[in-house]
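First up is the structure itself, then whatever we jot down about it.
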Amino acid sequence: MRTIIVLALLAFAMPAFAANHAVQIKGMKFNPAKISAAVGDTITFTNADSMTHTATALDGSFDTGHLAAGKSAKVKVSAAGAHPFHCTIHSSMKGIVTAK
Ligand SMILES: [Cu+2]
């Protein structure tokens, strides 16, 4: 019984080490467009524009899918290195996640 409680506490505590980074999409821009993160961190993209956007890593490591106006999506940083991303609908919208 005690083991189960300890394991449950550990499982609950683990995500506390991972940071979440908030990125707002507004005016056809990612803000911030440069995100420094650690592997295991999460990034929440919130679409504050009136049109649909995506945040899609060019290396396929993350993808929010289509984010309608007002919607948000959380992705996980799964690999170290530089992960440039863009909006698949508007190719001028770019950003980069650098993970260590
Ligand atoms: Cu877009």
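Just so it is clear, none of the values below were taken in a lab; they were calculated from the coordinates. Quantities reported herein were computed from a predicted structural model and do not represent experimental measurements. Neighbour counts are summed over all protein chains in view; Cβ atoms, including those assigned to glycine, are modelled from backbone coordinates with ideal geometry.
Numerical summary
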quantity: Neighbour-count ranking [beta-carbon atoms within 10 angstrom, fewest first] of 46, 98; calculated: 98, 46
quantity: Residue 31-residue 78 FRET efficiency (beta carbon distance; Förster radius 25 Å; 0.05 resolution); calculated: 0.65
quantity: Rh by Kirkwood over Cα pairs, then Stokes-Einstein D for segment 18-99 at 0.890 mPa s and 25 °C, µm²/s; calculated: 202
quantity: Restraint check, 26/100; 34/76; 71/100; 26/94, Cα-Cα greater than 18 Å; calculated: 26/100; 71/100
quantity: Segment residue 24-residue 58, extension gain: residue separation times 0.36 nm, minus the distance between their alpha carbons; calculated: 10.3 nm
